[in-house]
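In what follows, a single structure is set out as structure tokens and then discussed.
No lab work stands behind these numbers, since they all come straight from the coordinates. The structure displayed is predicted, hence computed values, not measured ones. When we count neighbours, we look across all protein chains shown, and the Cβ atoms used for this are built from the backbone with ideal geometry, even at glycine.
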Amino acid sequence: MCRKGRPAKRAGLFLLFPGHPYRQGVTLAEKYGIVEKNKKRIHATMQPIDQHDRQAFLEGLFHVSGDAFIVTDKIGFILMANKAALEMFGYAEEELLGEHFGVLSSKGMLAYPELPPMIEKLFKDGFVENYESIYKKKDGTTVCVETNVGLLYDDQGEIRGAASSMRDITRRKHDEFLLNLLHKKEQELEVSNKQLEDINTALQALLQKRDEDKKNIKEAIAANLNRLVMPYLEKMKQTCKGCDQKAYVEILETHVLDIVSPFIRNLAKNDYKLSPREVAAADLVKSGMTTKEIARHMNVSVRTVEVYRRNIRKKLSLQNKKANLQNYLSSKG
């Protein structure tokens, strides 16, 4: 252990770097002085990089870069290609050097009667950034590439060639394609859902109309039976002399009630004990007819219809109540 209980390893660190600015007990001014002193010491030991070292450094960076680098002369023949470029396009170095850059074009060297768009922009601006294009590998397959390229000049400002940095974005473009496809499918699904909603709305309207038509048909049948059949059945019951004939009429009346609407069947078969004529009158009241219209419809007097209405209210326990008879009957069916 060192002084003040510090570990020997840490103490050794300060022994190796006696000018360390972050030792305990060092003021801010002292820290700044130590940093400046160390900077001067480092600068004093640094040697200027000569042209040869600079060239070696750039060539090393060129070859170890993960991006593909290709250098061409001013008319497009390949002078240099790093390892990443050779691996990207599947060529050996001796196969690619000396070839025209157009050998990598997916459209071929004769695809453009004039300058390709990227080359035209390069000569116009001196550089091209993030240019996406498709290149061809040695085996004929293609690769989607994002290219950054700039012109190279000599000391007199004349164009000597171009240096291109290329990155394989095939996977990214594939993912973008899938995302666009998914977005398109989502839009199509939204359209389909909207169409299904419209169809469902139309079907609901049709079903509602069908139910209304069925109800109207049933009411029409019931009204016609009440008007054309039930009165005669009642007269036949009153005029029948034999028990057998009367029984047949009652059977026929039962079957007719089975044909008409559930409302009439319910009134005729429940404990209300309404007569057939009262059932018929109740159905006409439910349909909205006035007393005079019901009398005309049933071929009876207005007084008789009023008796029917009183009997109906009595048997339905509506006497001395303000309940509207039509509304009450409508709520029953």
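Given that compact globular proteins tend to follow 2.2 N^0.38 Å, what is the ratio of the alpha-carbon Rg of the range 51-168 to that value? Mind dumping the intermediate values first?
Values: Rg = 14.0 Å, N = 118, 2.2 N^0.38 = 13.5 Å.
That ratio works out to 1.04.
Can you pick out the pairs among LYS209/LYS286; LYS286/LYS322; LYS74/LYS173; LYS215/LYS292; LYS235/LYS321; LYS215/LYS235 whose Cα atoms lie more than 27 Å from each other?
Working: LYS209/LYS286 21 Å; LYS286/LYS322 17 Å; LYS74/LYS173 31 Å; LYS215/LYS292 25 Å; LYS235/LYS321 33 Å; LYS215/LYS235 29 Å.
Beyond 27 Å between Cα atoms: LYS74/LYS173; LYS235/LYS321; LYS215/LYS235.
The label-point distance for TYR232 and ALA323, in a model that sets each label 7 Å from Cα toward Cβ, rounds to 3.6 nm.
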